[in-house]
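Bear in mind these aren't lab numbers, they're just calculated from the coordinates by the rules spelled out. The structure displayed is predicted, hence computed values, not measured ones. Heads up, the Cβs are rebuilt from the backbone with ideal geometry, glycines too, and the neighbour counts pull from every protein chain shown.
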Amino acid sequence: MAIKAITIKTIWPDALALSHAVANLIITESNKSVQQKGYFTIALSGGSTPKLLFQLLAQAPYKNNIPWKKIIIAFGDERFVAPTSEESNFKMANDALLKHVPVNKKNILAVQTLKVTPSQSAVLYEQALKKYITNKHPFDMILLGIGEEGHTASIFPKSELIGDKKNWVKNIWVQEKKMDRISFTLPFINRAKNIVFLISGENKAAIIKKIFSKSGAALPAAMVKATENTFWFIDKAADGD
């Protein structure tokens, strides 16, 4: 019997409460996945709200209840900067979480940004993902945020990544940010079993309202739909009501 895809929107008092809720979801899903197939795959996102989540996951009780040795960790997008750069999603995740937990280094799939071109980086990253991700076993969970114009990962409005069904990963020049980025494509994101949006702050209230209305249907974040559960964890400030 096919699993019906559902969207679940929940509102939390603040970013900390939201982060605790997502941390609990990660405990549940990671343990369930390890029992079912022996490992759990998750793609992390950048930004301030995920950083708070990562800091929680690096501490007890969360740290002690996650099967770190059996987790494959990837990144939904990455800025084309050195892994030591303050703009690197990898550096943020590493500083806040990865170096504090017993995850196997070989199971951290970081985007290569040194000694390669952006297009080579995208090809290499897709190859790395294919060791763990298949049509039968897509990502168990992808964490995402949104920008104030409705982008998610590095998929901005009208981006070629919205309709790219051929590539899992693509390099893109983001004119708005004057930067090369490496990102999952939208069709690849939508293969995931669970997608979790973490949205906090009143600066996101206007775009959240638009995403959940007909006028926002063409925004990249509004087009994200997991094969099983699409979770929107939103704090009161971002909900705006």
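Structure data summary
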| read-out | value |
| --- | --- |
| Test for Phe233: is it surrounded by fewer than 19 Cβ atoms within 10 Å (Cβ to Cβ) and more than 27 Å from Glu126 (Cα to Cα) | no |
| Residue in region 12-31 that is touching a residue at least 12 places away in the same chain (Cβ under 8 Å), part of a strand (DSSP E or B) and either surrounded by 14 or more Cβ atoms within 10 Å (Cβ to Cβ) or not small (Gly, Ala, Ser) (or both) present | yes |
| Any hit, region 116-129, residues being buried (at least 22 other Cβ atoms within 10 Å of the Cβ) and within 27 Å of Leu18 (Cβ to Cβ) | no |
| Test: Gly150 is closer than 22 Å to Ala15 by Cβ and more than 13 Å from the chain's Cα centre (by Cα) | yes |
| Selection status of Ile195, out of contact with any His (no Cβ under 9 Å at 6 or more places or on another chain), without any contact (Cβ under 8 Å) to a residue 60 or more places away in the chain, more than 21 Å from Ser48 (Cβ to Cβ) and not basic (Lys, Arg) | no |
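For every residue, the table says whether it meets (1) assigned to a helix (DSSP H, G or I); (2) under 14 Å from Tyr125 (Cβ atoms); (3) polar (S, T, N, Q).
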position: Ala43; (1), (2), (3): no, yes, no
position: Leu52; (1), (2), (3): yes, no, no
position: Leu56; (1), (2), (3): yes, no, no
position: Glu78; (1), (2), (3): no, yes, no
position: Ala82; (1), (2), (3): no, no, no
position: Met92; (1), (2), (3): yes, no, no
